[in-house]
Structures are given as C-alpha cells and as structure tokens.
Amino acid sequence: MSAERSRYPVPAVPKCPDCSTEMTPGFMPDDLNMFGSNQSAWVEGQPVESLTRGVKLSGKLSFPITAFRCGQCGLLRLYAFRPSHRNG
Ligand SMILES: [Zn+2]
C-alpha cells in the first residue's frame, strides 16, 4: 500500500461467467449512510464498534459498490473499483 497513486482497476463492464453476456451496471441502494451516500460501500478490515457512532471508520478508505446484473440469469457481481474518500 505504499504506492498511493492509481493502483486501482479501471472500471469495466464484466461478462456473466455463465451466459457470457455483458452485465448491466447498477448499485445497491442504502438509507442515507454514514458516508452521506445512498450507495452501499466496501471498507477494508473488521468492523470495530464505537459507542457513539456505530462502526469506526477512521483512516479507512471506502469504496462505493457497483453491482452488475446479468439480464439472462439474474446473477449479480459486486465490484468496488475505486475509493470515494478516506474517512477522517
Ligand atoms: Zn448470466
């Protein structure tokens, strides 16, 4: 994790592993969450509960989750391409 610059994958549309058709991008709606977003996010590591604010996120990167869906079989694949921000 020393090279801070673009070690993240370029977002791309995957193909369904079963049907080999291009999947449709979407997202997993969330109630307005702790990131101030309606999009679910992926955060590295184990959740650590804090007494005041739920799970502690200090210094962690959060990656918004893109959910691709296969129009033929309905399979979902979740990708977290790039972090949206680092939590203070
Ligand atoms: Zn499929």
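The values are calculated or read from the model by the stated rules, or taken from the named source; none is laboratory data. Keep in mind that what you see is a predicted model, and the values were worked out from it rather than measured. Neighbour counts run over all protein chains shown; Cβ positions are idealised from the backbone, glycine included.
Those residues that are assigned to a loop (DSSP other than H, G, I, E, B), more than 23 Å from PRO25 (Cβ to Cβ) and of a type outside the set (D, E, K, R), I need them from the stretch 41-73; list them, please. Matches in the stretch 41-73: GLY45, GLN46, PRO47, VAL48, LEU51, THR52, LEU57, SER58, GLY59. Pairing each residue of the stretch 73-85 that is over 26 Å from ARG7 (Cβ atoms) with any residue that is within 16 Å of the ligand (Cβ to nearest atom) and not in a strand (DSSP E or B), provided the two are 6+ apart or on different chains, yields C-beta distances under 7 Å for CYS73/CYS16; CYS73/ASP18; CYS73/CYS19; LEU75/CYS16; LEU75/ASP18. Consider GLY36 carefully, then state whether it is away from the ligand (no atom under 16 Å from the Cβ) and loosely packed, with under 10 Cβ neighbours inside 10 Å. Here the answer is yes, as GLY36 does meet what is asked. In the condition set (1) surrounded by 10 or more Cβ atoms within 10 Å (Cβ to Cβ); (2) of a type outside the set (Gly, Ala, Ser); (3) out of contact with any Ser or Thr (no Cβ under 6 Å at 6 or more places or on another chain), GLN72 is compliant with all but (3). Checking the stretch 42-56 against the condition returns no match, with no residue being surrounded by 11 or more Cβ atoms within 10 Å (Cβ to Cβ), among the aliphatic types (A, V, I, L, M) and within 16 Å of the ligand (Cβ to nearest atom).
Okay, residues lined up against (1) in contact (Cβ under 8 Å) with a residue 12 or more places away in the chain; (2) touching a Ser or Thr at 6+ places or on another chain (Cβ under 8 Å); (3) not charged (D, E, K, R):
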| residue | (1), (2), (3) |
| --- | --- |
| VAL10 | yes, no, yes |
| SER20 | no, no, yes |
| ASP31 | no, no, no |
| GLY36 | no, no, yes |
| SER62 | yes, yes, yes |
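Could you say whether any residue in the stretch 11-25 is at positive phi, within 16 Å of the ligand (Cβ to nearest atom) and at pLDDT 85 or above? Yes, that holds for at least one residue.
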